[in-house]
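J.: Below are the structure tokens for one structure; questions will follow.
The values are calculated or read from the model by the stated rules, or taken from the named source; none is laboratory data. In this text, all values refer to a predicted model and were calculated from it rather than measured experimentally. Here Cβ is always computed from backbone atoms with ideal geometry, including for glycine, and neighbour counts include all displayed protein chains.
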Amino acid sequence: MGSTPFLELRRLGRRFMSGGRNLCVLEGIDLSIARGEFIAVLGPSGSGKSTLLALMAGLDRPSEGEVHLDGRRIDALSEDALALLRRHTIGFVFQSFQLLGNLTARENICLPLELLERRDAGERADALLDTVGLAERGHHYAAQLSGGEQQRVALARAFAARPPLLFADEPTGNLDSATGARVLDILTRLQRDEGTTLVLVTHDPAVAALADRRVHLRDGRIERLEERR
């Protein structure tokens, strides 16, 4: 990992109007993340974890502060420019899988590559299905897969275009402990092998212990930063 930040947050804040009140969800967030680093974001419910992830991924805009990705300020980009940036640079793994039910597992993985007009979409999808242990399940639809299998397809889809930056919001939250451990092993192995910068939200200390650093949020602020022991 280099010393120059790949992802940098500067005095980041997010406020919402709720019931006529100005609700502060995040305030004064300063954070620098190196290329290839694995960051775990922890904190109690309502501490701002998912909001922080959305701001970093360009899915939401801050009320104040700045988000810089690879030296480029992204929070001020147009919606079209942000959509293009996400397509080429950012992957996202949702807790609820977010697979398209009318597509097979293989077709779900192919989709981001086809949007990029990649000719190797099928070949890449097949390789990833093999990596996540679903080589024989590529022709099945989401409803025909277990929760753990759906999440593995979602991981393969997120890594399909080899995004340099990947976000994961509680990727094992809807899975039993054994299945979650397998999914987490695949996620961290793909992250390591692909050299991806990974930012993961979790409630699980065992998951967070695998990260290079842990960011603890409380009441919308960074309470403390921890290095892996």
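J.: Give region 96-136 a look and list any residue that's modelled with pLDDT of 95 or more and in contact with a His (Cβ under 8 Å, 6 or more places away or on another chain), or say none.
T.: Thr104, Ala105, Arg106
J.: Turning to a different aspect of this structure: Could you tell me whether Pro62 is in contact with a Leu (Cβ under 6 Å, 6 or more places away or on another chain) and either of a type outside the set (Gly, Ala, Ser) or part of a helix (DSSP H, G or I) (or both)?
T.: Yes.
J.: Which residues, taken from region 100-114, are aliphatic (A, V, I, L, M) and either buried (at least 22 other Cβ atoms within 10 Å of the Cβ) or part of a helix (DSSP H, G or I) (or both)?
T.: If the condition is that a residue be aliphatic (A, V, I, L, M) and either buried (at least 22 other Cβ atoms within 10 Å of the Cβ) or part of a helix (DSSP H, G or I) (or both), then Ala105, Ile109, Leu111, Leu113 are the ones that fit.
J.: Oh, and also: Being touching a Leu at 6+ places or on another chain (Cβ under 8 Å) and of a type in the set (Ser, Thr, Tyr) is the filter here; which residues of region 8-52 pass it?
T.: If the condition is that a residue be touching a Leu at 6+ places or on another chain (Cβ under 8 Å) and of a type in the set (Ser, Thr, Tyr), then Ser32, Ser47, Thr51 are the ones that fit.
J.: Same structure again: Looking at region 170-210 only, could you name the residues that are of a type in the set (A, V, I, L, M) and either at pLDDT 95 or above or part of a strand (DSSP E or B) (or both)?
T.: Answer for region 170-210, where residues must be of a type in the set (A, V, I, L, M) and either at pLDDT 95 or above or part of a strand (DSSP E or B) (or both): Leu198, Val199, Leu200, Val201.
J.: Mind listing whichever residues of region 211-229 are touching an Asp or Glu at 6+ places or on another chain (Cβ under 7 Å) and either at pLDDT 90 or above or in a helix (DSSP H, G or I) (or both)?
T.: Asp212, Arg213, Arg214, His216, Leu217, Gly220, Arg221
J.: Looking only at residues in region 23-59 that are part of a helix (DSSP H, G or I) and among the small types (Gly, Ala, Ser), which one is surrounded by the fewest Cβ atoms within 10 Å (Cβ to Cβ)?
T.: Ranking the qualifying residues of region 23-59, first place goes to Ala54.
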